[in-house]
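The values are calculated or read from the model by the stated rules, or taken from the named source; none is laboratory data. Since this is a predicted model, take the numbers as computed values, not measurements. Cβ sites come from the backbone with ideal geometry, for glycine too, and all protein chains shown count toward neighbours.
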Ligand code: BV8
Ligand code: ZN
């Protein structure tokens, strides 16, 4: 049965005790955790770029049909990410990692803010917006520096570069997905934070964790498909709720 909390997050003693006895913790984050750093989410009211939905631009066919448009979207987003700073939600997860035996932070985000905040064990399921990938030689390289505006960046090999992220219809990196599966299958507590939980295969991880006996806790200001089977849903911003959970754990 889903539970909810407003105000004092840890008023529920069952949640408090589930968190306290969890030595193996896995967390799945989405765009919502970076919202308080000023990075727009994908599917919220603030989440639209011009008139495009993410599915329309984040795919290979869109890139081949109109690479200038797709690059313009990624440049726009890179610019925002480079100016953004980690927020209290990111930092609370850094602290949590230091408090338990095993902590795996699985993220769908491409913004790199978990690593910048100081998280050590981060599994990036959808790649990183700071990388480019060559369509010819297949090498990954650092993305162009700020201010470069070549509409179609080119690899030193002469090949065409694309953003080094995972688009719709593409396989996720095998090792990252395997680590995420292992963490979800073998944790005591699985947290989903700031994700609409509609993009697969990431969205299947919370159910996997629950089916293997983990307590499932969701943090999001709004209900999602996960809310229907989560053990606890904490409705509110990650930047407020996560620090409160960690303060309580540290006591
Ligand atoms: C694949 C990266 C195999 C680049 C992104 C099973 C069922 C149905 C469909 C599928 C399925 N399996 C596969 C699919 C197809 C597809 C898919 O899932 N489609 C969905 C949309 C139906 N999946 C794929 O194609 C995946 N690949 O499966 O490969 C394959 C291959 C070929 C043929 C068959 C199979 C690849 C998916 C990768 C997509 N890449 N982007 C980039 O960023 O540019 S997706 C994009 O969505 C983002 O990157 C993000 O990572 C991802 C998830 O979104 P969220 O992070 O959840 O963000 P969103 O905006 O939606 O939600 C934000 C949430 O935050 C909201 O809930 C909001 O309430 C909350 N929030 C707001 N403020 C706060 C907050 N929460 C907390 N605090 C706050 N302050
Ligand atoms: Zn190349």
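Things worth noting here:
- Of residues in segment 120-147 being modelled with pLDDT of 95 or more and more than 16 Å from ligand 1 (Cβ to nearest atom), the one surrounded by the most Cβ atoms within 10 Å (Cβ to Cβ): 134
- Counting only residues that are within 23 Å of residue 54 (Cβ to Cβ) and touching a strand residue (DSSP E or B) at 6+ places or on another chain (Cβ under 7 Å), segment 110-143 holds 20 of them.
Residue by residue, here is whether (1) surrounded by fewer than 14 Cβ atoms within 10 Å (Cβ to Cβ); (2) modelled with pLDDT of 95 or more holds:
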site	(1), (2)
14	yes, no
28	no, yes
73	no, no
86	no, yes
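- Where strands (runs of 3 or more DSSP E) fall entirely within segment 96-202, those with at least 2 residues that are over 15 Å from the mean Cα position of the chain (by Cα), within 16 Å of ligand 2 (Cβ to nearest atom) and touching a residue at least 24 places away in the same chain (Cβ under 8 Å) are at 127-134, 161-165.
- Only one entry in 181, 150 is more than 7 Å from ligand 1 (Cβ to nearest atom) and touching a helix residue (DSSP H, G or I) at 6+ places or on another chain (Cβ under 8 Å), namely 181.
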